[in-house]
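A.B. asks: One structure, as structure tokens, below. Some questions next.
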Amino acid sequence: MDTPPYLLGGSTWLNLVNTLYLQNKEKHDALTDSASTLQWLHANQLIREPYDVLGAETLLEVRVELASLRDLCKEILIDLDMGNELAAETFIKLKARAQSLSIQIHATVSEGKFTLNYEGKSAVDHMLYMIIRSIFDTLDTYTPDRIRKCEHEDCILHFVDTSKSGKRRWCSMEACGNRHKAAEFYAKKKLKKSML
């Protein structure tokens with residue numbers, strides 16, 4: 001698979017959840033070191049232009065904050081899976097995380113269009129704000145049944161089903177969908193052979 005697993009979620013917060021993934025039936029964490037964390041941040045466009053200069057201390061703080069927010073995102077997924085809605089205590093935690101951030105507003109005008117942009121005051125606040133914003137945007141845009149776990153038995157990734165039919169089953173057709181179809185094909189072939 002060419003696309004890293006942590007880019008298959010369709011939303012930044014699900015990409016954060018997908019930093020924990022299985023490869024060759026082994027669990028991997030894309031936030032275990034500074035290099036892979038930076039790679040994830042760049043891939044999810046969470047570092048502002050011009051690029052923030054993140055020192056070792058800031059990167060350690062980022063990794064701790066991302067791991068903590070990832071745990072909250074997993075709680076959200078459990079709530080949605082169990083009851084199709086966010087539990088009150090989970091929302092309280094999410095609200096507290098959002099309110100703990102230092103946010104600034106930028107007003108701009110370009111070619112007669114006025115815009116108001118929000119961003120974190122620090123690099124860390126900005127990254128966390130963008131992820132939390134993606135949670136609210138996803139929950140506001142899609143029904144909970146469109147936020148799914150991949151159906152392949154050897155996959156733990158989640159995604160937003162944006163398909164027209166709403167019947168997407170795999171995080172990626174190229175990876176899990178094809179693996180499932182190949183397994184079905186060989187199982188049928190084996191069954192057919194055993195019946196002869």
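A.B. asks: Which of the cysteines in the chain are isolated, no other cysteine C-beta under 4.7 Å?
C.D. replies: Isolated Cys, the chain: 73, 176.
A.B. asks: A further question follows. What is the extension gain from residue 60 to residue 142, computed as 0.36 nm multiplied by their sequence separation minus the C-alpha to C-alpha distance, in nm to one decimal?
C.D. replies: That pair, residue 60 and residue 142, stretches by 26.2 nm at full extension.
A.B. asks: Separate question: Once the piece of chain linking residue 103 and residue 25 is laid out straight, how much longer is it, given 0.36 nm per residue of separation minus the C-alpha distance between them?
C.D. replies: 24.0 nm is the gain from fully extending residue 103 to residue 25.
A.B. asks: Let me ask another. What pairs in 74/167; 27/149; 27/164; 25/149; 95/121; 74/95 have C-alpha atoms more than 20 Å from each other?
C.D. replies: Details: 74/167 22 Å; 27/149 16 Å; 27/164 32 Å; 25/149 16 Å; 95/121 18 Å; 74/95 15 Å.
Over 20 Å Cα-Cα: 74/167; 27/164.
A.B. asks: Kirkwood-based Rg over Rh for segment 4-108 (C-alpha set), two decimals?
C.D. replies: Rg divided by Rh gives 0.99.
A.B. asks: Quick one, could you list the DSSP H helices from the chain stretching 20 Å or more along their long axis (Cα atoms) with average Kyte-Doolittle hydropathy of -1.0 or above?
C.D. replies: Helices meeting the span and hydropathy rule in the chain are 56-83, 123-141.
A.B. asks: More than 18 angstrom separation, counting every C-alpha pair in segment 63-115; what % is that? Let's see the in-between values first.
C.D. replies: Details: 703 of 1378 pairs.
Percentage above 18 Å: 51.
A.B. asks: Tell me which label goes with the value of volume of the Cα convex hull per residue in Å³ computed from the coordinates here: (i) 123; (ii) 149; (iii) 164.
C.D. replies: Correct label is (iii).
A.B. asks: Positive end of the dipole of the chain, charges at C-beta (+1 Lys, Arg; -1 Asp, Glu), about the Cα centre: which of 135, 159, 66 has its Cα farthest in that direction?
C.D. replies: The residue sitting farthest along the positive end of the dipole is 159.
A.B. asks: Based solely on its DSSP helices, what 222 nm [θ] is calculated for the chain when runs of n ≥ 4 H residues each add -39,500 (n - 2.57) and the sum is averaged over all residues, nearest 500 deg cm²/dmol?
C.D. replies: So the helix-based figure for the chain works out to -15500 deg cm²/dmol.
A.B. asks: Still on this structure, I have one more. Apply 1/(1 + (r/R0)^6) to the Cβ-Cβ distance of residue 93 and residue 119, taking R0 = 22 Å, and write down the FRET efficiency to the nearest 0.05. Kindly include the intermediate steps, with their values, before the conclusion.
C.D. replies: Working: r = 23 Å, r/R0 = 1.03.
Computed FRET efficiency for residue 93 and residue 119: 0.45.
A.B. asks: Next question, about the same structure. So if I place +1 on the C-beta of Lys and Arg and -1 on the C-beta of Asp and Glu, and nothing else carries charge, what would the dipole magnitude of segment 5-147 be about its Cα centre? I want it in debye, nearest 20.
C.D. replies: Details: 13 positive and 20 negative charges, 15 e Å.
Charge dipole of segment 5-147: 60 debye, to the nearest 20.
A.B. asks: Once label points are set 7 Å from the Cα along Cα→Cβ at both residue 67 and residue 39, what is their separation, rounded to one decimal in nm?
C.D. replies: 1.8
Each reported figure results from applying straightforward, stated rules to the coordinates on display, with no laboratory input. Predicted model, so just to flag it, every value in this text is computed and none were measured. No Cβ is skipped: glycine too gets one built from the backbone with ideal geometry, and neighbour counts run over all protein chains shown.
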